[in-house]
Amino acid sequence: RPSGPGGQGGGPGGPRGWDPTDPAQRRARYALLAGMWAFFFALFSLAQIALLLGALALYWGISALRAKPRRTATATSAAVSGTGNAPLNAPPPPPGATPARLPAPGSDSSKPQSTAAISGLVTGGLALAIVAATFSFQIVYKDYYSCVDDALTQTSRHACENQLPKELRPLLSTGE
């Protein structure tokens, strides 16, 4: 894991303190990925997969947001000493030294996974909403869908359009 200033991770506890061993952060990433894939599957009419991934995204997102953040030993000692990155047994700074700079509010978030978890919740919720709308539309217009499925010729498929309201006929027409 790179920990230098130019490293990708920025070190443990840095602004991008992604810890793959932290279950809350892992669930937040899973929620984001599952939500994105669920949204795409819902858009491309694969409702069963979108339903599964959307439910998983909601579960992982909620569990990531409810989890308590893990604190490392260096973060705990820095919080107790109040001097940033100094260990507990470090000598006090000289009288003319500049005090350690405190981190900006919100820069060192106690829950770095919250953005990914919320994004996973939103995309998973959107996917579930699309799936619910698709299923309810198919239930409401069941006569039309069963007529189209049972039709053996193009002419009989065109005749099924009489089962739809006039506003929806241009959207769902089977003709050229």
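The values are calculated or read from the model by the stated rules, or taken from the named source; none is laboratory data. Every value quoted in this text rests on a predicted model; they were computed, and no experiment measured them. Cβ atoms come from the backbone with ideal geometry, glycine included; neighbour counts cover every protein chain shown. The protein model used for the area step is the full one, side chains on, heavy atoms only, and it has no ligands, DNA or RNA in it. Shrake-Rupley method; radii C 1.70, N 1.55, O 1.52, S 1.80 Å.
Scanning the stretch 119-128 finds one or more residues that are open to solvent by 50 Å² or more (accessible area, probe 1.4 Å) and modelled with pLDDT of 90 or more. Residues in the stretch 49-69 that are open to solvent by 50 Å² or more (accessible area, probe 1.4 Å), assigned to a helix (DSSP H, G or I) and either under 22 Å from residue 21 (Cβ atoms) or touching a strand residue (DSSP E or B) at 6+ places or on another chain (Cβ under 8 Å) (or both): 56, 59, 60, 62, 65, 66.
Residues in the stretch 132-159 that are surrounded by 15 or more Cβ atoms within 10 Å (Cβ to Cβ), in a loop (DSSP other than H, G, I, E, B) and not aromatic (Phe, Trp, Tyr): 1 in all. One residue stands out among those in the stretch 39-48 that are outside any helix (DSSP H, G or I) and not aliphatic (A, V, I, L, M): the one that is most open to solvent (accessible area, probe 1.4 Å), which is 44.
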